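Single-structure report; data block below.
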Amino acid sequence: APPAPPEPWEREARVAALDGAPAAVEVGNLHKSYGEHVVLDGLNMTVRTGEVVALLGPSGSGKSTLLRTINHLEDPDSGAVLINGRRLGYQDNGKPLSPAKIADARAEAGVGMVFQHFNLFSHLTALENVAGPLRWVHRMPAKEAEHRAGELLERVGLAHRAGALPRHLSGGQQQRVAIARALAPNPRVLLLDEPTSALDPELVHEVLEVIRGLAREDGLTMLIATHQLRFAHEVADRVVFISNGSVTEEGPAEELLTRPRHPATARFLRVMG
Ligand code: ADP
Ligand code: MG
């Protein structure tokens, strides 16, 4: 049986700990269109340091666009994203960073991302998928990178599959490698874009279990787009529901998921639940 939602006292302890915590991610008046199609229409939201936020919204509501924009994989048309107080992808003088410097800037800002379709390097082993970027991007010595990659594979329960190529791993294992890779540069903020929606139902649990551990034991700040309402209920401190390009409703996970105030949220929860 899946774990139960946290006890009220656990939630209260987390709420108290988060009270007054500095903002880890600040999204201000974000606008993004593809041609005529307005996807983000003045979206505002904040994620506090140590907070786990579930991002809900109908398919096509802009969850991926928002996460990609936060990670500077997309440029917004207007508005700004601050990560730990800094604009990712821009120099202090406001000029954009060269693409070659973005990966460094992400590591410096302390942000990492996990994608719906894993995006592993298909010709590299699990270990190399984690160790490789540490060497290429973060210029870590090979031995150290390999050691760290080994520790991270252990962390996600895959030490025994270190030498396997992605195609010889299950989807759940591939996503766990992708999580290890995202954790390798030691981010303080992890963005997860529907990390279980490409998985067969029987493989969802092992991935959620890893994410749950990161939330509860590692105190990582996380923004997770997901359709797993029960999971959101268990791990999220807060839920942000987006539709029509902006935040329709947000609130404590327990409250929003059991007593939504906005009709669009209620409709979404009825369909998904
Ligand atoms: P979600 O993740 O909530 O399902 P997305 O952010 O993927 O939503 O997409 C929001 C809308 O933007 C969708 O209508 C999608 O078709 C459109 N869209 C996303 N990326 C692109 C792109 N690169 N070019 C054109 N349209 C896009
Ligand atoms: Mg998406």
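What follows draws every value from the coordinates through simple rules; no lab data is involved. Since this is a predicted model, take the numbers as computed values, not measurements. Cβ sites come from the backbone with ideal geometry, for glycine too, and all protein chains shown count toward neighbours.
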Segment 129-221: equivalent-ellipsoid semi-axes (sqrt of 5 x gyration tensor eigenvalues, Cα, Å): 21, 16, 11
Segment 53-162: trypsin sites (Lys or Arg not before Pro) falling in loop per DSSP and having at most 13 other Cβ within 10 Å: ARG139
All lysines inside 20 Å of LYS63 as judged from Cα atoms, apart from same-chain residues fewer than 8 positions distant: LYS32
Scattering curve values for segment 1-113, log₁₀ I(q)/I(0), Debye with Cα scatterers, q = 0.11, 0.18 Å⁻¹: -0.44, -0.99
Convex hull volume per residue for the chain, taking Cα atoms only, in Å³: 140 Å³
Filtered GluC sites (Glu not before Pro), segment 1-97: DSSP coil and at most 14 other beta carbons within 10 Å: GLU36
Pair-distance profile P(r), taking every C-alpha pair of segment 219-273, with 10 angstrom steps and integer %: 24, 61, 14, 1
³J(HN,Hα), Karplus 6.51/-1.76/1.60, whole Hz, each residue of segment 266-271, x for Gly, Pro: 4, 4, 4, 5, 5, 5
Shape call, segment 119-273: gyration tensor on alpha carbons, a/c limit 1.5: prolate
Theoretical FRET efficiency, 1/(1+(r/R0)^6), r = Cβ-Cβ of HIS262 and GLU209, R0 45 Å, to 0.05: 0.90
Length added when fully stretched, THR49-GLN91, from 0.36 nm per residue minus Cα-Cα: 12.8 nm
